[in-house]
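In what follows, a structure is listed as structure tokens, so that the remarks can point back to it.
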Amino acid sequence: MGNNPRNDVGCEGDIMKCPSCGREIPDDTVLCPYCTANVKKRIRLNRIYAVALSLLIIASAYSILSYAAAGIPVTKIKDLSMSDDRNFVRVKGYVVDYPRVYEGSYGVTALVFTINDGTGDLTVKIYRSVMWKVVSERKVPGMGDLVDVRGTFFYSTTKSITLNNPDYLVIKRPEFSSIRNLTALSNSPPWAYKNGEGIYLTGNITGVREYSWGYVLSVDELLDVIMPRAYVSLNITNLKNISSGISRFYGTLEYYRSYQPSTLYPVYNLSTLLSDPEKYNGTSARILWATVVHKDEANNTIFIDQNGTEICVYVSSGVRYYDVGEHVELQGKFEWFAGHWEIAIIRESDYIIEPKWELIAHPQCELVERKSYEATTEYHLYGLMRVEGIVADYTEYSSGSVSITLYNASYPGCVVNVYVEHKSSISGLLQSGSKVVVRGMALIYNGDWEIKVRAYTNDSVEVIY
Amino acid sequence: MTIEYLLMCILFVVIGTLIGSALSMLPGLHVYNVIGFFLLFYFTAGLVLDSMQMVLMLIGMLVSYAFVFTIPSIYFSAPDDSTMFVLMPSLRYLKEGRGHEAVVLIATGALIGVIAITIFVPLFMGPLAIVWSIVQPNIHWIIGAVIAYMLVSEFPKDFGRHKNPLHGLKEGWKTILAGYLTFFLSAILGIIVFNKTIIPADRAFQGLMAPLIGLFATSSIILNLISKYEIPEQNIPKSIDAHPREIVHGSVAGASGGLFAAFLPAVTAGVGGYMASHAFAQKGDKSFLVSMGASRVVYYVGAISLFFLPTLHLRRGALAMGINLFFTPESVQQFYMVDMGIAIAGVISFFMVIYASRFLATRIYRINPKVLNLTVLGIVIALVYFMTSWQGLLIMSVATAIGLIPVLFNSRRSHCLAVILVPIWLNMSGISLGSLFGLW
């Protein structure tokens, strides 16, 4: 390059070389006659190189910024707005709903749950590959968990955040305290526990009902455990496994009320109402917790007791659902009727329900003691039994359940009562005279032993012929 | 983040830039073709390399390609879809012994493009997000308008004296009709290539390589072989013939066009820069070459910057899509690192292209152009065969034939871009024409 004479641009007497094309031109010319380049007004390359090197200053500035950039600060959900759309944000809050999954013909495509930080709700969405990583790292949250989540925020009618990396989901589970007496828990009033309190308990699954959002597992026929479908669909919980013996359930308590009234009347104690009934005559009252002590279906009335004070309740429809010993919550009009004080549930805003404590399951349910189906003629409560017999009679209900009367001479009265929760547990064509093998759980129903074939478990009715 | 991690990131930027610079010297080889192979390798050995460092290496490759591909475009006359517009002015420079000056002008435009990206994109974070929210639902209309502009803006050319008025009319319209024919055939080729995987399925991600090389590179090389020109001795100037106003004018026009192209699918840097040159009433080759350099860099590198830009995360361009297979941009910190990578790669690439050009300029005139073009043609054919097998060669042959129409009839080569514009426009408009060609 140095030997190339064209590189030496400059004057040679009255001749110079064009700085652009290198040809010899008169030194007083402004435009090169060969290439039309301007010989006088030019930009030196050194200046352009200096501009190029200024990029190093920009690079240094960005390297300092990236080095100094702190972690992502926690944002309050109420502060997330349209200007944050598609931004990467960090939010901390409690899971206020159990996780849900979206399932299609390609399997589970997304895991979704809602968190609340006291300022609003935010939906957390986890899709496919990230979702399976979250599952494998046992990071699927449960209701009541405190989560710290970072992801891409999407502003829409509902605020949502998409998790892009399992590492960006940090879960702090609540402390779980042990509950030993399920009967006491199931009979506890609403103030006995706190909603969202973390507990664990052990028991036998005595019934399984399926809903779109998940499964309701009846434990020892005393407490309902809500098993979100997400845990089953994501293979975190195996119903067949945990129903094959005594299992331990972790979760948070929720006081379940089947009806959310639009109008809430003042809460009264029965003793207050009846201490000065004239004063409260015509008052719309709400009774939070009372026990049914008597039922008169003919007159559509029940009698309830609250701490030793009894009152008659007129239920305009559905009185048959409330049995003696059950706990009810009601709202109605306190009034004098036909010679006695009563609460009448007749208006649209009135209601009577049977609230109860439920356990919203967490993902870490486990089998504690496995049982096997035993071919025995002796009934043991919650024991798994294998019984052979001839179908003497059976009834199929519209709900999909089937009740079967089996003939087997080895059992008391030569009869075994079988209740099949869902007919999908029956393999083969069931008809009177068929020989069947039943695998199920021994329970007491209306004072008699029965074998319950629980749905979605290993229980089954196998038709031999 | 630790200092060691930051230094490793810078190292990967440098490695990517050096690899990209070396590969970009090869005529016909698009960086996206190489990045496809790098991604395949990364997915198999993904756990070894940190994803951010992989991203920075790929960005280094992309930035260097945006700069260094000027070399084969000018010295070997093997342009791609975005450098085809600089072919004619740069060839004129080359024939005047000013090839290096042309390279410097384009590189200066590219340099200013990088500076614009690293400084202005973060400043316009909010407005860009708003613009995108307005543009997004109307993309198909805008692409349709770009297509219409390309077609309508070509008017009958008057070449001077004619035998009679009818002959003049015929000559004037011949170029237009040749242009429309080019557009039509390129569009059909694009629809076929986009809807049917003709090349082996395991190379499907290289589907556009053969038609683009055929339309732009091989047709240019064949033109050079036919035209029998001589490359004179090249001068290495210490200054360039340009006024700062021309540099600024070209850079603003180019950056605007590049940003327009980076925002819209199907619209490439060439079209964006070309439209911007009309919009900014550019005059002269110097400003045009600068604008093309700026446009190209803002298109390629700006797209990746927009992908990492908080509030936008616009996934545009093959690299953004490729990166998104294993990486989701999240934090402002990552955006800073990407801008750092772009700046470092920019400065290295600038000097790479300058020194590579100096090296070639002092040697290229010694090579017989015919031998040079035949060698380049051989390299291009070998690359297409290696990447896309014989099916790719077949597509390239068809594309070359289409690419020669504007060459032979003196019409615009930009009509060849219908190969990308039309199928994407149809796709975004919800129109399916594949069945017309028996594709399903």
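The values are calculated or read from the model by the stated rules, or taken from the named source; none is laboratory data. Since the structure is predicted, the reported quantities are computational estimates derived from the model, not experimental observations. Note that each Cβ is placed from the backbone with ideal geometry, even for glycine, and that neighbours are counted across all protein chains shown.
Can you list the strands (runs of 3 or more DSSP E) found entirely within segment A:48-158 that contain at least 3 residues being crowded, with 16+ Cβ neighbours inside 10 Å?
It comes to A:88-95, A:107-116, A:121-127, A:146-154.
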Kindly evaluate B:PHE326 against the criterion of being within 24 Å of B:PHE43 (Cα to Cα), surrounded by 24 or more Cβ atoms within 10 Å (Cβ to Cβ) and out of contact with any strand residue (DSSP E or B) (no Cβ under 7 Å at 6 or more places or on another chain). no
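Residues to consider are B:GLY36, B:GLY46; find the one that is small (Gly, Ala, Ser), under 17 Å from the mean Cα position of the chain (by Cα) and at pLDDT below 90.
Result: B:GLY36 is the single residue among B:GLY36, B:GLY46 that is small (Gly, Ala, Ser), under 17 Å from the mean Cα position of the chain (by Cα) and at pLDDT below 90.
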The condition from (1) aromatic (Phe, Trp, Tyr); (2) in contact with a helix residue (DSSP H, G or I) (Cβ under 9 Å, 6 or more places away or on another chain); (3) part of a loop (DSSP other than H, G, I, E, B) that A:TYR34 misses is numbered (2)
Quick check on segment A:133-143. Is at least one of its residues free of Cβ contacts under 8 Å to residues at least 24 places away in the same chain, within 14 Å of another protein chain (Cβ to nearest Cβ), closer than 14 Å to A:LEU234 by Cβ and among the basic types (Lys, Arg)? no
Tally the residues that are under 14 Å from A:ILE390 (Cα atoms) and assigned to a helix (DSSP H, G or I), restricting the search to segment A:414-444. 1
Tell me, yes or no, whether segment B:16-35 has at least one residue that is within 30 Å of A:ILE64 (Cβ to Cβ), out of contact with any Cys (no Cβ under 6 Å at 6 or more places or on another chain) and in a loop (DSSP other than H, G, I, E, B). no
A:GLY203 being without any contact (Cβ under 8 Å) to a residue 60 or more places away in the chain and either in contact with a Cys (Cβ under 9 Å, 6 or more places away or on another chain) or under 26 Å from A:LEU384 (Cβ atoms) (or both): yes
Criterion (surrounded by fewer than 17 Cβ atoms within 10 Å (Cβ to Cβ) and not assigned by TED's automatic domain parsing to the domain that holds A:ASP97) met by exactly one of A:SER317, A:SER243, A:SER233, A:SER284: A:SER317
Please go through segment A:403-433 and give me each residue that is of a type in the set (Gly, Ala, Ser) and free of Cβ contacts under 8 Å to residues at least 24 places away in the same chain, ordered by number. A:SER403, A:ALA409, A:GLY413
Check off (1) more than 30 Å from B:GLY97 (Cα to Cα); (2) in contact with a helix residue (DSSP H, G or I) (Cβ under 9 Å, 6 or more places away or on another chain); (3) surrounded by 13 or more Cβ atoms within 10 Å (Cβ to Cβ) for B:GLY168 and give me the number that stays unchecked. (2)
For segment B:315-433, which fully contained helices (runs of 4 or more DSSP H) count at least 3 residues that are within 14 Å of another protein chain (Cβ to nearest Cβ) and within 30 Å of B:LEU49 (Cβ to Cβ)? B:332-361
A:SER186 being without any contact (Cβ under 8 Å) to a residue 12 or more places away in the chain and over 15 Å from the mean Cα position of the chain (by Cα): no
Going through segment B:1-55 in order, the residues found to be surrounded by fewer than 17 Cβ atoms within 10 Å (Cβ to Cβ) and within 30 Å of B:ILE222 (Cβ to Cβ) are B:ALA22, B:PHE37
Residues in segment A:162-169: is at least one more than 14 Å from chain B (Cβ to nearest Cβ), buried (at least 18 other Cβ atoms within 10 Å of the Cβ) and in contact (Cβ under 8 Å) with a residue 24 or more places away in the chain? no
Residue identified as closer than 17 Å to B:LEU62 by Cβ and of a type in the set (A, V, I, L, M, F, W, C) among B:MET340, B:MET292, B:MET387, B:MET275: B:MET340
I'd like to know if segment A:200-213 contains one or more residues that are buried (at least 16 other Cβ atoms within 10 Å of the Cβ) and within 23 Å of A:ASN116 (Cα to Cα). no
Which condition from (1) among the hydrophobic types (A, V, I, L, M, F, W, C); (2) within 10 Å of chain A (Cβ to nearest Cβ); (3) not in a helix (DSSP H, G or I) is the one that B:PHE155 breaks? (2)
Would you confirm whether or not segment B:35-48 contains a residue that is within 17 Å of B:TYR336 (Cα to Cα) and within 14 Å of another protein chain (Cβ to nearest Cβ)? no
Give, as residue ranges, the helices (runs of 4 or more DSSP H) completely inside segment B:169-287 that count at least 2 residues that are farther than 23 Å from B:MET150 by Cβ, of a type in the set (Lys, Arg) and without any contact (Cβ under 8 Å) to a residue 24 or more places away in the chain. none
Of the candidates B:SER239, B:SER251, the one satisfying the condition of being modelled with pLDDT of 90 or more, within 14 Å of chain A (Cβ to nearest Cβ) and buried (at least 24 other Cβ atoms within 10 Å of the Cβ) is B:SER251
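So which of B:ILE213, B:ILE236 ends up being over 17 Å from B:GLY270 (Cβ atoms) and among the hydrophobic types (A, V, I, L, M, F, W, C)?
Of B:ILE213, B:ILE236, the one residue that is over 17 Å from B:GLY270 (Cβ atoms) and among the hydrophobic types (A, V, I, L, M, F, W, C) is B:ILE236.
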So which residues in segment A:110-141 are of a type in the set (A, V, I, L, M, F, W, C), at pLDDT 95 or above and out of contact with any helix residue (DSSP H, G or I) (no Cβ under 9 Å at 6 or more places or on another chain)? A:VAL124
Hey, does segment A:80-87 have a residue that's in contact with a Ser or Thr (Cβ under 7 Å, 6 or more places away or on another chain), polar (S, T, N, Q), under 30 Å from B:MET125 (Cα atoms) and within 7 Å of chain B (Cβ to nearest Cβ)? yes
A:ALA37: buried (at least 19 other Cβ atoms within 10 Å of the Cβ) and within 30 Å of B:ARG92 (Cα to Cα), yes or no? yes
In segment A:304-344, how many are hydroxyl-bearing (Ser, Thr, Tyr) and touching a Lys or Arg at 6+ places or on another chain (Cβ under 7 Å)? 1
Total residues in segment B:312-347, condition under 21 Å from B:SER133 (Cα atoms) and among the β-branched types (Val, Ile, Thr): 2
